[in-house]
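One structure is given below, encoded as structure tokens.
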Amino acid sequence: MFDYLIVGCGFAGSVCARTLAERNKKILIIDKRNHIGGNAYDYYNASGIMVHKYGPHIFHTENKRVWDFVSRFTKWNDYQHRVLSYVDGKMMPFPINVDTINILYGTRYDSQTIDGFYKSLKNENMDIKNSKDMIVSKVGETLYEKFFRGYTKKQWDLYPEELDKEVTARIPIRFDRDDRYFINKYQGMPLQGYTRLFENMLDHKNIKIMLNTDYFEIKDEVNYQNLIYTGPIDYFFNYCFGNLPYRSLEFVQETYNMECYQKVGTVNYPNDYDFTRITEYKYLTRQKSPVTTIMKEYSKSEGDPYYPIPKKENNALYRRYEKESQELDNTYFIGRLANYKYFNMDAVINDALSLVDKIK
Ligand code: FAD
Ligand code: UDP
């Protein structure tokens, strides 16, 4: 008899597994995939380069409790993510900062004078209803068109005006020359990779792991008292209210016989090519090798569910499932798929820690 059956070996499920195991609960954690780590899974490819199977994952948080918790299972490198955007035939820092403006327009603004420039573009009195307004209100139409409109259409197959404002609210506009993608206090990459981090987290005498196993295959075969489910909530309820829409991605790896392919970890292509961005993993992992692997991300509608699509009607549909989930005893729904929310890793870890606090 297990105290908990946990569905999904990503951060949501694994953090719950470890914290409950340390309270002497017996855990069975399963995943339908053939590996642990969920979407953060990484591995060495055939050329010996460490890559992230499901797209680049950079750890960043302001939350000390989260940082201290994951740091029990890994050491970190001090990587700080940098992104260039390819616009009008030139590479420039993204998020937009003082240098972006100077490269784009051949100007000489500094952190004192840029404020006036942004002010001349923005519309402060706008009622911000969607992801387009979010940007236009800060930097006006032209910069919105160059950096956001095309990228968002490629990524979501929707224009920013069709998406909730939270999607582009993730991207700040900078008044200085800081070219880091994230400015959080705690940032880095797990020194030996995410998969090793997960191996360490799940290495506990009270945790049993079962891979290649879908929840529905075993739910009636296993004896358990409580369930923590981190998969898609609509699948759990057999799509009884209809499918929750997700955006999927295709990840294409290319390996080159050169030490270095591009100037930074990620280059975004808002207006050119069919892919959204190219990531070169050696920047993130600091691995040394005479060859290098890049990953191109192509967005698509069919395939594995990666991004819940933040739109009013989707959120309303999710709330019908959520209501259903609240009727169930001893059953908890947590994580990006079960909560149908565009969460970063640290938010999922925080939720998992809070859930276990609450259960206690
Ligand atoms: P997941 O990692 O998706 O884990 C859920 C697991 O449940 C999966 O392994 C799945 O196989 C399993 N499962 C589902 N259904 C079933 C079932 N029926 N039976 C058995 N198993 C099941 N966050 C950051 O903080 N920084 C980043 O740089 C970052 N980059 C990202 C890039 C991309 C391309 C994407 C898509 C996401 C990125 N994220 C990033 C977000 C991050 O991936 C998530 O926050 C995190 O993976 C969520 O963890 P989770 O456990 O909720 O879900
Ligand atoms: N975005 C954009 N241009 C860019 C980068 C991001 O328009 O160059 C928008 C896009 O809608 C994207 C959102 O901002 O989905 C959030 O970007 P982020 O880099 O946080 O996305 P993620 O890493 O989650 O894919």
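Taking Cα atoms, how many degrees apart are the long axis of helix 11-21 and the longest axis of the chain, rounded to 10 and kept between 0 and 90?
Helix 11-21 sits roughly 40 degrees off the main axis of the chain.
In sequence order, what are the phi-derived ³J(HN,Hα) couplings for segment 192-202 according to the Karplus relation 6.51 cos²θ - 1.76 cosθ + 1.60 with θ = phi - 60°, rounded to whole Hz, with x for glycine and proline?
In residue order, the calculated couplings are 10, x, 6, 4, 5, 4, 5, 4, 5, 5, 8 Hz.
Around M92, what is the net charge, scoring Lys/Arg as +1 and Asp/Glu as -1 over all other residues with Cβ under 13 Å from its Cβ? Don't skip to the answer; put the middle values down first.
Details: positive: R82, K90, K146, R174, R177, K263; negative: D88, D99, D179.
Net charge around M92: +3.
So who's got an amide H within less than 5 Å of the one on Y332, skipping anything under 5 residues away but keeping other chains? H placed 1.01 Å off N, in plane.
L227, I228, Y229
Using the Cβ atoms and a cut-off under 15 Å, what net charge is assigned to the surroundings of T61, where Lys and Arg are +1 and Asp and Glu are -1? Walk me through the numbers before you get to the answer.
Numbers: positive: K64, R65, R72, R170, R180, K185; negative: E62, D68, D78, D346, D351.
Summing Lys and Arg as +1 and Asp and Glu as -1 gives +1.
Once phi is turned into ³J(HN,Hα) by the Karplus curve 6.51 cos²θ - 1.76 cosθ + 1.60 with θ = phi - 60°, what whole-Hz value does each residue of segment 27-44 show in order, with x for glycine and proline?
10, 10, 10, 10, 8, 6, 7, 9, 8, 8, x, x, 6, 8, 4, 10, 6, 8
Using Cβ contacts closer than 10 Å as the measure, can you line up R170, R336, R247 from fewest to most? Working shown, then result.
On the way: R170 11, R336 26, R247 18.
Ordered from fewest to most neighbouring Cβ atoms within 10 Å, R170, R336, R247 come out as R170, R247, R336.
Which lysines, on any chain, are close to K26 with Cα under 25 Å apart, when same-chain ones fewer than 8 places away are left out?
K205, K208, K219, K358, K360
Gaussian network model of the chain, Cα springs within a sub-10 Å range: biggest mean-square fluctuation belongs to which of Y318, Y235, Y273?
Y273
For the chain, set up a Gaussian network in which alpha carbons nearer than 10 Å are linked by springs, and say which option among K138, K119, K153 fluctuates the most.
K119
Counting other beta carbons within 10 Å of each residue's own, what order do F343, F333 fall into, fewest first? Walk me through the intermediate numbers first.
Working: F343 19, F333 24.
So the ranking, lowest neighbour count to highest, is F343, F333.
Past 29 Å, Cα to Cα, is the threshold; run K138/K288; K122/K263; K122/K312 against it and keep the listed order.
On the way: K138/K288 40 Å; K122/K263 31 Å; K122/K312 26 Å.
Among K138/K288; K122/K263; K122/K312, the Cα-Cα distance tops 29 Å for K138/K288; K122/K263.
What number comes out for the charge environment of I114, summing +1 per Lys or Arg and -1 per Asp or Glu over other residues with Cβ under 13 Å away?
+1
Which of K311, K323 comes first, and how do the rest follow, when ranked by fewest Cβ neighbours within 10 Å?
Working: K311 17, K323 10.
Neighbour counts put them in this order, fewest first: K323, K311.
Can you find, among I173, M189, L121, the residue sitting farthest towards the positive end of the charge dipole of segment 108-189, where Lys and Arg contribute +1 and Asp and Glu -1 at Cβ?
Most positive-ward Cα: M189.
Running a GNM on the chain with Cα contacts under 10 Å, which residue among I233, I173, I29 ends up with the highest mean-square fluctuation?
Looking only at I233, I173, I29, the biggest GNM fluctuation is shown by I173.
Placing +1 at every Lys and Arg Cβ and -1 at every Asp and Glu Cβ, with all other atoms neutral, what dipole size does segment 242-332 have around its Cα centre, in debye to the nearest 20? Please report the intermediate quantities before stating the final value.
Numbers: 13 positive and 14 negative charges, 73 e Å.
It works out to roughly 340 debye.
Nearest 20 debye, what's the magnitude of the dipole of segment 117-173 about its Cα centre given +1 on Lys and Arg Cβ and -1 on Asp and Glu Cβ?
Details: 11 positive and 10 negative charges, 54 e Å.
Rounded to the nearest 20 debye, it is 260 debye.
Where a number appears in this text, it was derived from the coordinates with a stated rule and is not lab data. From a predicted model like this one, the values you see are computed outputs, not experimental measurements. Note: ideal-geometry Cβ built from the backbone for every residue, glycine included; neighbour counts use all protein chains shown.
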